[in-house]
Each structure stands twice: as structure tokens, then as C-alpha cells.
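See structure below.
The values are calculated or read from the model by the stated rules, or taken from the named source; none is laboratory data. Remember, predicted model here, so these are calculated numbers, not experimental data. With ideal geometry, Cβ positions are generated from the backbone for all residues, glycine too; neighbour counts draw on all protein chains shown. These accessible areas exclude ligands, DNA and RNA; they are computed on the full protein's heavy atoms, side chains included. Shrake-Rupley method; radii C 1.70, N 1.55, O 1.52, S 1.80 Å.
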Amino acid sequence: MIARNEELMLPDCLQSVRPIASEIIVVDTGSTDKTRQIAIDHGALVYDYPWTDDFSDARNQALSKAKYPWILSIDADERLENPDILAATFELAQEQVGGFLLEVCSHSRRKDGTSDVFKIHLLRLFRNNPKIRFEGAIHEQVLESILGNNWKISSSGIKLQHLGYDLSPENMLKKQYRNLGLLDQALFTDSKNAYLLFQRAKTYLAIGNLSLAERDIKSAISLAGSQSSVLPQALNYGGIIAFQSKNLTLAAERAKKSLKIVPQQSFACYVLGEALTASGDFANALIAYNAMISVENTQDPIAQIIGEYNLPPEQMHFRFGRCYVGLQQWDKAKYEFQKGIEINNKEIGCRIGLANVYLRLENFAHSRKILQQIMQENPERSDVSKFLEQVDAAENNSKKKIINEKNINIENNADLPLPNSLNFGGSVSSTPLISLCMIVKNEEKFLPGCLASAEGIVDEIIIIDTGSSDRTKEIARQYKANIVDFKWQNDFAAARNESLRHARGTWILYLDADERLHAEAKNHLRELLQNLPDEVGGLICTIVSPHRQLDDTSEEHRGGYPRIFKHLPNVIFEGRVHEQISPAILASGKQIVLSEVVIEHLGYDQSREILEQKTKRNYNLLLQHVREEPQNAYAWFQLGQTLARMNLSQQAEDALKFAMDLGTLKSTIAASATAALAQIAGNAHKYADALQWAEKSLYYAPEQLYARQLRAFSLHYLGRNTEAKAAFLELLERRKYYDATTHGGFDILVPEPTINQGLAMVDKSLSASRQ
């Protein structure tokens, strides 16, 4: 095992393996809780090993300590269910078998707080042999080294319970960003590694960045050897990426290529069935789904590792029913949907499908009854409400028998943890797609540019005017905005929530007058929003902001914020200043994913006088905020940032540390807070503190440039110039390929001359030390 701060999970794990383990080896990578003592109390041998951002490195350290013939690799959030079977398994193992598959049963939290259970097979029991070692900085595995040394893989009846995916959406997203940072680091030194590229593509897919997922999966497919286990896996996930990008031909093509390599697998059959269904080829989709079922319980170990994918039976019945609807075979469709409902009477996809069948058979009462029951249980389902309207309209026109098939939308409501649910199409609606919501006061200078940037993208504009005395309202009328007068209450959230009250769109875009939507949004934003899965509630946009400092120097800040979100009743802003929408989106059970939308912000590139006025205004509002909510970490963070702009360094440091101590900041905000603390410490010549804070910032957001700059300069001023040079060179290389849209967190685009200046200082110091 490898472990770090696992005092909650570790006891049950160790208890589960004690009946079978001849020895328990725990490699501790830096625990600060009771992990080490718990392991010792359970008879484990504990070895300390510094964390190197490489899971394989730590796991291989554990393997090097083992002295018995077989290795069981397990994590603290896992439990061995049947240790007696494990003993019999390796005692009877044939000589050519190098490892065994274990059935891992994982629990994944759904939006409603309940959990889904899904099963996969993983290679966790293998021979203790120096030729068998883990590979991959993250998502590490021993498969390649076992197969590469001509051992075989065998199945077993051994079972593990895995609790590590039972996380909130926010914590799951945080975990994905952590994984992304580790993969970035690994690929920085091994850029042609097909397995790492495949895993990074999966991570981009999980956070919704399809363009970067496609970039990496194409590279993985081209680099993976024809005999590599990576190739069919990359093709499967490449099929999902292509599907979500609406390239159905490519999705089917990749699935078929994967099936040629590993025929007895369910995953590629699933992807193929989804792609064919979306293409309208329902007959062949049925063949693919039937093939998926026929190989679901394959005993081929390679197929189990590479291409195992199981759907709950009610969701399989949904897919069969959906295909029969497409083929207009109503009796068969009705049978499949009813079978799905018998298995799980809460399966919405089958219930909507059955309502659709009854509609086609002109049994309007039955169709209406099903939909009304769904609406009682799920009042937020606007698609079901629209379907009810269609039933009413169809009944009124039943003599004409006109049912517009394109307007009847059956959605797949599966909530699967991996891969992301695949959803089809969207229904025609008179509801506006995007409402632009703004609050303004005396913005005649900036407002025309802002509204012009949104033309052709948004369907309506809501302007909340808090007391303009210039031409602001006149300009807004020229863009046909709905203008609402609102008395200013020293509360930005209150004003923004007033704009939501007047919006009719399915999605909200909120901008300030000094912002501009990048022109590229015209090419893809509307199509993107029309095709997002239902579980997505917000899109993170990259805000590019030139910041003029009080000394008239300038730097470019980049930050990721959810500026586009689904218009739901309980999704409202909070915070008097620097107001947030993220907590409400997550509380509604929706996900927030990355997008490629860029917003240019001009508000900080202004004169010193205007910046000082804005800073003073924010300071007063934030003081009021922390008095009202003294435990609000985000408010304290913003107050610390504002105090830093006012050059009140000690007060800024105190506020930022207090925000961190409260322990509730999101990882991206924590990265910004710790970077600010590193800057404050560096300005005070406390370089050891600056280094510590910079490294902590990189822990929260490994891909950022700003903290890397602070770390490099800190190393230089501490006299660690060899390390500093390596840090500056890495920073320079990362800047060449930097893309702020890939992580959605705060960052500053470090100027290249600043990096070169740091390198020159380091080289000068190194030269002096040689002399």
C-alpha cells in the first residue's frame, strides 16, 4: 500500500486483509495525521518515502520491500471482501500466470445524494518479481510489464469494495484537476507516452474539455503500438470523445477498430450502439447492444481489463426500447420500457419512453398520467413539461394524427460515473436559449463594446440600472435591452439576483460593462449549450484581464469563473462583493465544467485614481461582508487581496491566512490565496516562507505559471541556484504551451522578459560561485 493522511479509511482496509497477509507494507508519503500509528498498530511495516508526484514511484518502493511470493496491491479506501478465496487463488496458480484480476465494486455519488454501484476488473494480485513494476505517474498499472515478460493474466473470484468515488461533485472535480496536474508534469518529461496521453484525454473528457481531450486521444492512438493494451482503450474513449463532439462517424469507426483488436469486449459495443442510435441506424444499434450483452460476462482477462462496461439492466431495456421507437415497432418498444420499469420504477428514461409509445398509439390518458407522475417527483424537468404540452396538442389534433417526431425527445437519463453519460439531441423550444444579465451604473464609455460583443449570441439582454445619470440607458435601448431600475443596496449579489428574476433564458451569461465576449464564442457557444448533458449546470470561462498596478506597471491576469450557468430556481448569487454563483450551482446537484469561452476584462487597466476608488469601494463592502459572515472564507480571501492592493501587507497576510485556516476555500481560490501569501513573504524578504507558500499554491493548482515564478525567485534568493535555474527553465518551457482554458483556475501570464531576467540573475550567481 501507499498512504497519506488516511486515518479515517485505513483501519477497515487493514482489518480486511489481516486474515490473509503474511506481511503488510505501508509506504507513507507524508502523513500528518494518525496514519502511521494506525498501520503500526495493525502490524504493518511502515516506510517513509517523500512524495514525488509519481504514484508508480511510490508503489514500486513498496514492492521493493516485499519478501513473499505474491503481491496484493490495495488502497486505503478499499476493503477485501473474501480473503479465503485469495489464498486458494495463488496457491493453485499455474506457472505461466503472472497476475489475477479482482472484481472491484465502486460506489459513485449521484446528484440526489444516493449512490450508484458499478463493477470493473483490475489487475491487483501478481507475482513478486523484479520484472513486474508499476508504470505511469498516475493511473499506474502493472499490465504492460506482466504481458511484456510473457506471463498470462487469469480471472479470480476475489472482490474488493472501493469507496473512493463516493465524493461530492466539487471534490470529484478537485480530484480531476489534481490528476490533470500530475499528468501534465509527467508528460513534460515524457511527451510521447501513449498511456499518459490516453489518461490525460480521459481527464479532459471528465471535466468537459472536448477539444483538448480529442488532441490527446489522437496522439495516444497514433503513438500506441499495435500490440499495446493502450490502443483499444484509447479507441474506446476516443469514440466517446468523438460522440460528445457530434462526430458520429468517427465514434463508430473508433469503436469498430477497438473491436477488431479485442472482440470480446462490451465497452466498444456500447460506444458503437450509442453512435449508431444517434445516427438513426436503429437496426444495427440493436445488433451492437445485443453484442454488448453477449460479451458482458466474458472470462477473457484482457477484454475485462480493456473493454469492460456494464449498464444496469433497466438502462439496457431503455436502449432497446429507444431503438424500437426509431423502427416504429411500438409493441416491442412498449415491452422493453415496461421491463425496465419493472426492474426500477424510478427509471425516468423508460417512463418517458413508455409515455412516448402511448402517445404514438394515441392513448393520451396513459401518456399524460406517466408524465404527470414524473413531474410530481421531478418538478424541475422542463423537458417533461414540454412533452406534456405536446401530448395535449396531439390529443387536440388526434383526428389529423399529426405528431411531429422531431419534437418528441427521449433522453438517456443514466447518471454513470465513467464514462460520461452520452445524451442525444434536444427539443425545439420557444424559450430563449441565452439571457445576458448585467448590472450597470454610468457605463456609457464601456457598455457599447460589451453589448456589441454579445450580438448574435444572446437572445435577450437584461440590464439592471442602479442609478445612471449618463447615456447608459439610451445605449442599452439601442440594443433592445430590457432595462430595470433598481435601488443600489451596497450588495452586488442582490442586484445580480434581480437580473435573474427578469430573465427567461435556459442559460444565463453574466458580464460587466467593461467586459467583452471573445469573438470566437459566436462560432460555438450556442451549439455547445444546446448539446450539453443535463448534469452540467455551469461553464467556466477564462477571464483575461490586464491589471495596471498602482505604480502604473501592468500584468496580465487569467482566471477561470463560471460566467455561464443554467437558469434554475435555486441558483442565485451570494456575496456583497466578488459575488459567487458556484456554490448554488453545486448545491443544485449540477456539475461545473471547463469551456473554451474567453472574456476580456478591461476594468483593471485604468488610471491610478479610478483603481484607488474601486479598491476603496471594495474594501468597505468586504469589511461589511466579513462582519456579517465572519466564517466566510471567500470573503476573507477577497478582503486579503484588496488589502494587498492597498499595500497593507500585514493586514493582508492576516486575512489570507485566516481564510486558509477556515478550510473551506475551493482549490483554485486556495491556490490564489497561497500565491498571494508567497508574494507578500517575498516582498518582506522572507524567502523560506515565500517558497513554502509557493509550493503550497502549486499543490492546489500544479499547472499555473505564477506560483512557479514565485518558487523560482525564492529558490534563487535562498541561494539554491541550481534548483532555481531548473525551475526558471521549466517555467519558460511551460509558458510556450500555456493554455489557461485547460484548468479554470487563477493565474498570471508571467512575462517572458521576467523569466529571462531571473535566469540571468541565477547564471550570474552560479558563475560567481564557480570562481
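For Ile748, which sequence-distant residues (separation of 5 or more, or a different chain) have an amide H within less than 5 Å of its own amide H, given hydrogens modelled in the peptide plane?
Distant-sequence amide H within range of Ile748: Arg558, Leu705, Tyr706.
With point charges of +1 on the Cβ of Lys and Arg and -1 on the Cβ of Asp and Glu, referenced to the Cα centre of the range 334-394, which listed residue (Leu388, Gly340, Gln376) lies farthest in the positive direction of the dipole?
After comparing all options, I get Gly340.
When only alpha-carbon atoms count, how far does the range 135-226 stretch along each of its three principal axes, as whole angstroms with the largest first?
39, 35, 20
Could you list, bin by bin from short to long, the percent of Cα-Cα pairs of the range 201-335 in 5 Å steps?
Reading the bins upward from 0: 2, 12, 20, 21, 20, 14, 8, 3, 1, 0.
Mind checking the dipole of the range 630-716: about its Cα centre, +1 per Lys or Arg Cβ, -1 per Asp or Glu Cβ, Debye to the nearest 20? It would help to have the intermediate numbers written out before the result.
Details: 7 positive and 6 negative charges, 27 e Å.
In total the dipole reaches around 120 debye.
What FRET efficiency, computed as 1/(1 + (r/R0)^6) with R0 = 22 Å and r the Cβ-Cβ distance, is obtained for Asn620 and Ser469, rounded to the nearest 0.05?
Numbers: r = 22 Å, r/R0 = 0.99.
That pair, Asn620 with Ser469, gives E of 0.50.
Treating only the Cβ atoms of Lys and Arg (+1) and Asp and Glu (-1) as charged, compute the dipole magnitude of the range 588-689 about its Cα centre; round to the nearest 20 debye.
120
Let me check against my output: what whole-number percent is the relative contact order of the chain, with C-alpha pairs under 8 Å and at least 6 apart?
Working: 1409 pairs, mean separation 54.1, N = 771.
Taking the mean separation of contacting Cα pairs over the length of the chain, I get 7 percent.
Tell me what the chain gives for mean residue ellipticity at 222 nm when only DSSP H runs of n ≥ 4 count, each as -39,500 (n - 2.57), the sum divided by the residue total, rounded to 500 deg cm²/dmol.
The helix-only estimate for the chain comes to -16000 deg cm²/dmol at 222 nm.
Give me the percent of accessible area attributable to carbon and sulfur for the range 427-551, probe 1.4 angstrom.
It is 45 percent, rounded to a whole number.
So what is the accessible area of the chain per residue, in Å², with the probe set to 1.4 Å?
On the way: 34180 Å² over 771 residues.
Accessible surface, normalised per residue, equals 44 Å².
Using label points projected 7 Å from each Cα along Cα→Cβ, tell me how many nm separate Lys159 and Asn5, to one decimal.
3.3
Using modelled backbone amide H atoms (1.01 Å from N, in-plane), which distant-in-sequence or interchain residues come within less than 5 Å of Ile540's amide H?
For Ile540, the qualifying residues are Val593, Leu594, Ser595.
Against the empirical 2.2 N^0.38 Å scaling, what ratio does the C-alpha Rg of the chain come to? Walk me through the intermediate numbers first.
Values: Rg = 28.4 Å, N = 771, 2.2 N^0.38 = 27.5 Å.
The reported ratio for this selection is 1.03.
Among 693-699, 649-655, 209-215, 275-281, how do they line up from the highest to the lowest mean number of other beta-carbon atoms within 10 Å? The partial results should precede the final answer.
Details: 693-699: 22.6, 649-655: 17.4, 209-215: 20.6, 275-281: 19.0.
Result, highest mean Cβ count within 10 Å first: 693-699, 209-215, 275-281, 649-655.
Given a Förster distance of 22 angstrom, what is the FRET efficiency for Trp488 paired with Glu455, based on the Cβ-Cβ distance and rounded to 0.05? Before the final figure, lay out the partial values.
Numbers: r = 28 Å, r/R0 = 1.26.
After rounding, the FRET efficiency stands at 0.20.
Can you figure out the FRET efficiency of Thr431 with Asn290, using R₀ = 41 Å and their beta-carbon distance, to the nearest 0.05?
Here the calculated transfer efficiency is 0.60.
Give me the extension gain from Arg770 to His502: residue separation times 0.36 nm, minus the current Cα-Cα distance, reported in nm with one decimal.
The Arg770-His502 span can extend by a further 89.5 nm.
Using only the alpha carbons of the range 647-771, determine the length spanned along each of the three principal axes and report them from longest to shortest in whole angstroms.
That gives 49, 33, 23 Å along the principal axes, largest extent first.
So, with +1 on the Cβ of K and R and -1 on the Cβ of D and E, and no other charges, what is the size of the charge dipole of the chain about its Cα centre, to the nearest 20 debye?
It works out to roughly 920 debye.
Indicate, rounded to the nearest 5 percent, the antiparallel portion of the DSSP beta bridges found entirely in the chain.
Working: 39 of 73 bridges.
Percent antiparallel among DSSP bridges in the chain is about 55.
Tell me the Kirkwood radius of the range 621-696: reciprocal of the mean inverse pair distance over distinct alpha-carbon atoms, in Å.
When all Cα pairs of the range 621-696 are included, the Kirkwood radius is 12.1 Å.
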